[in-house]
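*Asks:* Below are the structure tokens for one structure; questions will follow.
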Amino acid sequence: MDTDVIDVIVVGAGPTGLMLACELALAGVRTRIVERRDAPQSDSRALTLHPRSVELMDQRGLADRFLALGRTVPGWHFAGLDTRLEFGALDSRHGYTLFLAQARTEALLEERARELGVEIHRGRESTGVRQDADGVEVDVRGPGGGVETVRASYAVGCDGGRSIVRREAGIGFPGTDETLTGVLGDFAAADPESLGRARAKGVLAVPLEGGLTRFVLIDPERMRTPTAEPVTVEEFRRSLIRICGSDCGIDRPRWLSRFGNATRLAERYRSGRVLLAGDAAHIHFPAAGQGLNTGLQDAMNLGWKLAAEVNGWAPAGLLDTYHAERRPVGLAVTGNTEVQTLLAELPLVPSYGRPGAALRELLDELLGIEEVNRRLAGLVSGLGIGYPATNPGADPLVGARMPDIPLGGAGCAASRVYELLHEGRFVLLDLAREQGFAAEGGWAGRVTAVTSAGAGHARLDGVAEVLVRPDGHIAWATRTENAPARRAERYEALATWAGRP
């Protein structure tokens, strides 16, 4: 048995596992990742970071690293409809899609994890998980076939749709099996002049770094082919010819893959000392590229809560709010991807071809309505996600994303709110400048208290104080007219979220 003292063992070194490890290590939690692959994945199934994911990187001071390697696009799509989702109209500094290959995202997160001291052990596969009242034991098979047992206080399964951790924890994964499949291929050779024609026929065709071109398509004659059947370049050519009238000059394939619409959601995101995040908790058709982004946002929600538990100051029930807040998000994502899959499939089925096309035309027209577009843009981008308040009398802002408002005034070291979140602490913001308070002694290491010259944001009109969680959501807010009760409310809010002083 490994006798090293590990606080948390994370199974899986994909984007979710790496992001979670960064969050834990930022809070001083000793974290080890075990990953069955010997080396980082070079192929990239996902290609985009959505606005909320870029915001999370901004909140940790990492956004510039990602922006330097990616390409921004102002909008995105829903079910491939012609009318685009207007991310730029949303309330964010990062109202765009960031085109960045998954391999690049993983490399940047691994770089950050190593800076923070995370142990990353590759070529080691988790084969068993057991827990007791005091901790978790994870059996890990190494490159030579030998098995060691690693003990930690908690284990988190970030090990994908076939999660060993989920299975060993006895967490159900109900849902539906695949009924539809598509294919993707990255090719070193393609005809650039054919890309526009391919897109006009509903084929995703995008240039990638390294001179590659990616094609993603659903072939009506092959859309019931099981994902277990390998994709060949000959199949890909035939599908392109059927759909586009030519094979688009594809040659020298670097990666071919088949993907399906199996959709499942974990019954629980937590079972005692074992938790799930990312694809281990939810799988779905890759409609609008939400999978990787949802996993990153799972990790951001879980990281500070699990760190609080390990560090001994978590209020009662804090860790349970991870399941309470993120499983409904998983349900919404699996639901909207099923809708998008249906919208993509109906026109391809002969008996539904005309009504399916008519439905797409109708929804495309509805997306031209500002409020409809904003609603779906908020859903897909992650910017529309808020968490329900547990206190019935809470301010309407509680649970919402904190806007990245500018800050000002004497003694204010940051120019905007997200800069205050770089250390992963709570932020207590005095917008009324009535008391000039500071974090009281017992919370000094958990809360950054700042007085600002004013909100400068319509959503914060009349707000006197705001307590912002480490993940950028609002834990508590109070209004200027509530001055007599503010001190007592502030104390209770801090105790409820940041523990007793």
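FYI, it's all coordinate maths here, none of it is from the lab. Small disclaimer: the values here were computed from a predicted structure and weren't measured. Because the Cβ atoms are built from the backbone with ideal geometry, glycine has one as well, and the counts that use them run over all protein chains shown.
*Asks:* Indicate, rounded to the nearest 5 percent, the antiparallel portion of the DSSP beta bridges found entirely in segment 343-498.
*Replies:* Looking only at bridges with both residues in segment 343-498, the antiparallel portion is about 70 percent.
*Asks:* Taking the chain as the reference, fit the longest principal axis to its C-alpha atoms, fit the long axis of helix 370-381 to the helix C-alpha atoms, and give the angle between the two in degrees, 0 to 90, nearest 10.
*Replies:* Long axis of 370-381 versus the principal axis of the chain: about 90 degrees.
*Asks:* Above 22 angstrom, tally the Cα pairs of segment 417-498 and express them as a % of all pairs, no decimals.
*Replies:* So the portion of pairs separated by more than 22 Å is 15 percent.
*Asks:* Continuing with the same structure: Per the helix-only calculation at 222 nm, which mean residue ellipticity applies to the chain, given -39500 (n - 2.57) for every DSSP H run of n ≥ 4 and division by its residues, nearest 500 deg cm²/dmol?
*Replies:* -9500 deg cm²/dmol
*Asks:* Over all directions, average the projected area of the Cα convex hull of segment 8-136 and note it in nm².
*Replies:* Its Cα hull, projected and averaged over all orientations, spans 10.0 nm².
*Asks:* Under 20 °C and 1.002 mPa s, how fast does segment 181-260 diffuse according to Stokes-Einstein, given a Kirkwood radius computed over C-alpha pairs? Answer in µm²/s, whole number.
*Replies:* It comes out at roughly 175 µm²/s.
*Asks:* Then there is this: Given points 7 Å out from each Cα along the Cα-Cβ axis, report the ARG37 to ALA444 separation in nanometres with one decimal.
*Replies:* 4.5 nm
*Asks:* I've got another one for you. By how many degrees, between 0 and 90 and to the nearest 10, does the Cα long axis of helix 15-26 differ from the longest principal axis of the chain?
*Replies:* 20 degrees
*Asks:* Between ARG252 and THR176, what is 0.36 nm times their sequence separation minus the Cα-Cα distance? Round to one decimal in nm.
*Replies:* The ARG252-THR176 span can extend by a further 23.8 nm.
*Asks:* For segment 256-287 and segment 349-389, write down the distance between their C-alpha centroids in whole Å.
*Replies:* Computed from Cα coordinates, the inter-centre distance equals 23 Å.
*Asks:* Right, another one. Pop out the ³J(HN,Hα) list for segment 264-277 in order, Karplus 6.51 cos²θ - 1.76 cosθ + 1.60 with θ = phi - 60°, rounded to Hz; leave Gly and Pro as x.
*Replies:* My calculation for segment 264-277 gives 9, 9, 4, 5, 9, 9, 9, 9, x, 9, 10, 10, 10, 8 Hz in order.
*Asks:* Could you tell me the extents of segment 251-365's C-alpha atoms along the three principal axes, largest first, rounded to whole Å?
*Replies:* 60, 40, 23
*Asks:* Mind checking the full-extension length gain between LEU116 and ARG268? Use 0.36 nm per residue of separation minus the Cα-Cα distance, one decimal, nm.
*Replies:* Stretched out fully, the LEU116 to ARG268 stretch lengthens by 51.7 nm.
*Asks:* How big is the Kirkwood radius of segment 140-179, worked out from every pair of different alpha carbons and given in Å to one decimal?
*Replies:* Averaging 1/r across every pair of different Cα atoms and inverting gives 12.6 Å.
*Asks:* Restricted to Cα positions, what overall size does segment 350-392 have along the principal axes? Three whole-Å values, descending.
*Replies:* That gives 51, 23, 18 Å along the principal axes, largest extent first.
*Asks:* Using Cβ counts within 10 Å as a stand-in for footprinting exposure, how do SER42, SER163, SER452, SER271 rank, fewest first?
*Replies:* SER42, SER271, SER452, SER163
*Asks:* Something else: For the residue pair ARG500 and GLU234, what label-to-label distance in nm results when each label sits 7 Å from Cα along the Cα-to-beta-carbon direction?
*Replies:* Distance between the two pseudo-spin positions: 7.3 nm.
*Asks:* Let me ask something else about it. Using the count of nearby Cβ atoms within 10 Å as a rough guide to exposure, how do THR337, THR105, THR149 rank from fewest to most?
*Replies:* THR149, THR337, THR105
*Asks:* Give, rounded to the nearest 20 debye, the magnitude of the charge dipole that the chain has about its Cα centre when Lys and Arg contribute +1 at Cβ and Asp and Glu contribute -1 at Cβ.
*Replies:* Charge dipole, the chain, about its Cα centre: 200 debye, nearest 20.
*Asks:* A follow-up question, please. Going by how many other beta carbons lie within 10 Å of each one, how would you line up ASP159, ASP91, ASP38, fewest first?
*Replies:* ASP38, ASP91, ASP159
*Asks:* Any idea what log10 I(q)/I(0) is at q = 0.10, 0.11, 0.12 Å⁻¹ for the chain, Debye with uniform C-alpha scatterers and no solvent?
*Replies:* Once normalised to I(0) and log-transformed, intensities are -0.81, -0.97, -1.13.
*Asks:* Another question, if that's okay. Dimensions of segment 310-429 along principal axes (Cα, Å, largest first)?
*Replies:* For segment 310-429, the Cα spread along each principal axis is 65, 35, 29 Å.
*Asks:* Could you work out how far helix 320-345 tilts from the main Cα principal axis of the chain, as a 0 to 90 degree angle to the nearest 10?
*Replies:* On a 0 to 90 degree scale, this one is about 20.
*Asks:* Oh, and also: Say each of ALA200 and GLU365 gets a label point 7 Å from the Cα, pointing the same way as Cα to Cβ; how far apart are those two points in nm?
*Replies:* 2.4 nm
*Asks:* Sticking with this one: Show me 181-190, 166-175, 279-288, 223-232 ranked by packing, highest mean number of other Cβ atoms within 10 Å first.
*Replies:* Those peptides, ordered most packed to least, come out 279-288, 181-190, 166-175, 223-232.
*Asks:* Please report, in debye to the nearest 20, how large the charge dipole of segment 417-498 is about its Cα centre when each Lys and Arg carries +1 at its beta carbon and each Asp and Glu carries -1 there.
*Replies:* The dipole magnitude comes to about 60 debye.
*Asks:* Okay, next question. Between GLU193 and ALA107, take the C-beta separation as r, use R0 = 30 Å, and let me know the FRET efficiency to the nearest 0.05.
*Replies:* Computed FRET efficiency for GLU193 and ALA107: 0.35.
*Asks:* Let me ask something else about it. Taking amide hydrogens as modeled 1.01 Å from N in the peptide plane, which residues meet the under 5 Å criterion relative to GLU465, leaving out close sequence neighbours?
*Replies:* Those lying under 5 Å, H to H, from GLU465 are LEU431, THR478.
*Asks:* Classify segment 319-369 as rounded, prolate or oblate, taking a ≥ b ≥ c as the square roots of the eigenvalues of its Cα gyration tensor: rounded when a/c is under 1.5, otherwise prolate if a/b is larger than b/c and oblate if not.
*Replies:* oblate
*Asks:* Dipole of segment 179-330 (Lys/Arg Cβ +1, Asp/Glu Cβ -1, origin at the Cα centre): which of GLY317, ALA198, HIS284 lies farthest to the positive side?
*Replies:* Towards the positive end, the residue furthest out is GLY317.
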